[in-house]
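Structure first, commentary second.
The values are calculated or read from the model by the stated rules, or taken from the named source; none is laboratory data. Bear in mind that the values here come from a model prediction, so they are computed numbers and not experimental data. Methodologically, a virtual Cβ is constructed for each residue, glycine included, from the backbone with ideal geometry; neighbour enumeration extends over all protein chains shown. The protein model used for the area step is the full one, side chains on, heavy atoms only, and it has no ligands, DNA or RNA in it. Shrake-Rupley method; radii C 1.70, N 1.55, O 1.52, S 1.80 Å.
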Amino acid sequence: MGNSQAYPVFRTTDASLAYAQAERLCALLATREEEVELFAELRTVTEVRRMAEILPRPVFEYAEERTGPKGEDLWFDLDVAATDDTALRPHLPLDLMAKAPAGSVEERFTAALGRGMASVDWHGLWPDDPAAELSGVGKYDGVQIVFHGDEAQWERWTEEHTVFVHVDKWGDLPRARKLAAHIGSEVLGEVQLGW
């Protein structure tokens with residue numbers, strides 16, 4: 001059990017550049033899972049509509065907990081495609097969670113983002129590096145972009161977008177440094193709790 005350790009290795013205000021650097025890192029994975037995980041905070045009707053067009057089977061949820069008149073939890077259950085803008089607007093902001101086949105939507109997802117936090121998570125396996133006595137760990141390895149954030153756990157909104165490499169639960173600073181160097185960068189700060 002446990003979480004991966006996430007090392008920030010690239011930071012920029014240019015979302016497309018962050019995506020390009022993450023793709024370069026993903027190319028280094030020995031194996032990549034067939035699905036990518038996506039998350040976004042959607043603040044406008046336009047953002048919700050764009051994501052509904054791009055993603056297969058998106059799951060929308062209230063961004064903040066809502067309760068009904070009797071104190072019961074309320075869940076977002078509207079059909080976005082069948083709901084007009086006026087009826088959808090009071091339900092904002094919404095969170096979006098989705099999985100999609102890797103390589104199918106990530107670039108369009110990135111281009112469609114608004115000002116809310118978002119992330120793309122690619123899980124995989126880093127290759128073994130016998131010279132450094134490093135082995136990949138499939139449960140923990142991968143690449144993540146957090147848009148408008150600098151924390152792997154989506155804690156705090158920022159103007160910048162951060163690319164993370166995830167490694168095993170004990171951390172693997174030498175591997176993180178090698179991966180960062182591959183994209184002309186370095187580890188940017190302390191290790192963080194990952195996925």
The chain: relative contact order in percent, alpha carbon pairs under 8 Å with at least 6 residues between: 37
Structure-based [θ]222 nm, the chain - -39500 (n - 2.57) summed over DSSP H runs of at least 4, per residue, nearest 500: -6000 deg cm²/dmol
The range 1-87: chymotrypsin sites (Phe, Trp or Tyr not before Pro) falling in loop per DSSP and having at most 10 other Cβ within 10 Å: Trp75
Listed residue (Val48, Phe109, Ala98) projecting farthest to the positive dipole end of the chain, Cβ model: Phe109
Unit charges on C-beta of K, R, D, E only; dipole of the chain, Debye: 240
For the range 16-173: accessible area per residue (Å², 1.4 Å): 51
Distance in nm between pseudo-label sites at Ser135 and Arg43 (7 Å out along the Cβ direction from Cα): 4.6
Computed over the chain, Cα set: Rg, Dmax in Å: 17.8, 63
Pair Leu17, Tyr62: separation of 7 Å Cα→Cβ label points (nm): 4.0
Cα radius of gyration and Dmax for the range 108-161 (Å): 14.6, 43
Candidate lysines for bridging to Lys99, where Cα separation is under 19 Å - those fewer than 8 sequence places away on the same chain excluded: Lys139
Loop trypsin sites (Lys or Arg not before Pro), the range 45-125 (other Cβ atoms within 10 Å of the site Cβ: 15 or fewer; DSSP): Lys70, Arg115
Among Thr162, Val80, Phe60 the positive-end extreme of the charge dipole of the range 31-165 (Cβ point charges): Val80
Compactness relative to 2.2 N^0.38 Å, alpha carbon Rg of the range 40-149: 1.36
Scattering curve values for the range 1-84, log₁₀ I(q)/I(0), Debye with Cα scatterers, q = 0.25 Å⁻¹: -1.31
